[in-house]
Amino acid sequence: MDFKDLKSAADIFVLIKDMQQYVSWERFVLTAKAIFHIEDEKLIHTMYGYFQKTASSPYYVAHDINGVNELLPRALEIAQAANAVRLPDSYLSLPRLGEDMYTPDHRRYYYTLPETGDKVLSVDINLNDPAQILLFAELLKQPGLKFRSVTHLLGELEYTSFNERLKQQYYEGDIVFVFADSTDRVFYSWYNSKNGVYLATDEGWKKLIYTPGRGYLDKTGKPDLEDDRTYSDYAICQSGVCFKIIGNIHDDYSVLVEKKAVKKSAKDKR
């Protein structure tokens with residue numbers, strides 16, 4: 001075995017090991033979206049797993065376990081790009097001016113790029129994380145970038161699924177379907193009045209009214225609110241109900257619009 005080849009391989013794995021200490025899941029996702037325009041989060045999740053396993057489990061690479069070698073090159077490319085956007089060491093020694101400036105400020109940006117056509121992409125940024133701002137700057141360099149809208153994080157919904165306690169973040173403008181949990185025999189029949197479509201706002205959750213033929217929008221095309229009442233997170237994820245976030249009004253509100261029946265032509269009726 002040639003020592004130079006061994007040394008070269010060792011250097012590569014040391015570099016990967018170093019990147020693994022810095023490239024977190026959030027940095028990897030942000031880089032994949034902002035620089036490589038990859039929107040498939042399942043694919044991103046798989047690539048990040050391969051990236052994290054490479055240095056500690058070279059066996060995966062040597063034997064191409066689960067097709068790792070097909071996705072690993074792109075995963076490492078993303079990791080290298082994320083690793084390159086590091087803050088200078090001098091930043092770490094700066095005096096802290098107060099805890100408020102480090103409070104997360106999560107925003108979600110919706111945008112389009114010429115190469116993606118009409119498809120709307122999104123990226124989540126913590127504006128109080130300097131590393132994420134640097135990556136966001138890489139996105140801003142993309143030619144033809146057009147922002148559609150921006151929204152902000154409101155909170156987390158806590159719920160139980162198959163006896164496991166889970167959390168899901170939600171943003172202002174999120175559209176949520178709330179429906180009865182038929183598997184909950186204790187609370188199932190208690191909360192049917194809470195079923196429906198809700199909109200996340202800065203004031204709280206707003207329930208929308210459905211109008212046959214029009215959907216959940218009023219005559220001016222704005223969300224048709226049930227009344228001035230607001231609901232807490234409890235209305236969305238209490239016992240006896242399930243919820244599903246199906247989109248955001250700042251991105252695509254077509255789910256709120258009633259689909260018009262397509263009239264059949266005389267030819268189709270034959």
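At full extension, D18 and E156 could sit 46.4 nm farther apart than now, given 0.36 nm per residue minus the alpha carbon distance.
Summarising the label geometry, the points placed 7 Å from Cα in the beta-carbon direction at L166 and D252 lie 2.2 nm from one another.
Counting only protein heavy atoms and using a 1.4 Å probe, the accessible area of V178 comes to about 10 Å². Taking all protein chains together and a 1.4 Å probe, the residues R74, R229 rank R229, R74 from largest to smallest accessible area. Please label the shape of the stretch 97-175 as rounded, prolate or oblate, based on the square roots a ≥ b ≥ c of the eigenvalues of the alpha-carbon gyration tensor (a/c under 1.5 means rounded; beyond that, a/b larger than b/c means prolate, else oblate). It comes out oblate by the Cα gyration axes.
Estimated at 0.36 nm per residue, the fully extended path between K259 and K222 surpasses their Cα-Cα distance by 11.7 nm. When T230, T151 are compared by accessible area of protein heavy atoms, the largest-first order is T230, T151, using a 1.4 Å probe. Seen from Y171, the other residues with C-beta closer than 12 Å to its C-beta sum to a net charge of -4, counting Lys and Arg as +1 and Asp and Glu as -1.
Straightening the chain between D124 and E138 buys 3.7 nm, computed as 0.36 nm per residue apart minus the Cα-Cα spacing. With a 1.4 Å probe rolled over the protein heavy atoms of all chains, the accessible area of L153, L72, L140 falls in the order L140, L153, L72, largest first.
Amide H contacts under 5 Å for H152: R108, E172, restricted to partners 5 or more places along the chain or on a different chain, H placed in the peptide plane at 1.01 Å from N.
Exposure check, 1.4 Å probe, all protein chains in place: K146 carries approximately 140 Å² of accessible surface. Close amide-amide hydrogen proximity is noted between D218 and D224, each under 5 Å apart and 5 or more residues distant or on a separate chain (H modeled in the peptide plane; Pro and chain starts excluded).
Rolling a 1.4 Å probe over the protein chains gives Y109 an accessible area of about 40 Å².
The values are calculated or read from the model by the stated rules, or taken from the named source; none is laboratory data. Keep in mind it's a predicted model, so treat the numbers as computed, not measured. Every residue, glycine among them, receives a Cβ derived from its backbone with ideal geometry; neighbour counts consider all protein chains shown. Note: areas computed on protein heavy atoms with side chains; ligands, DNA, RNA excluded. Shrake-Rupley method; radii C 1.70, N 1.55, O 1.52, S 1.80 Å.
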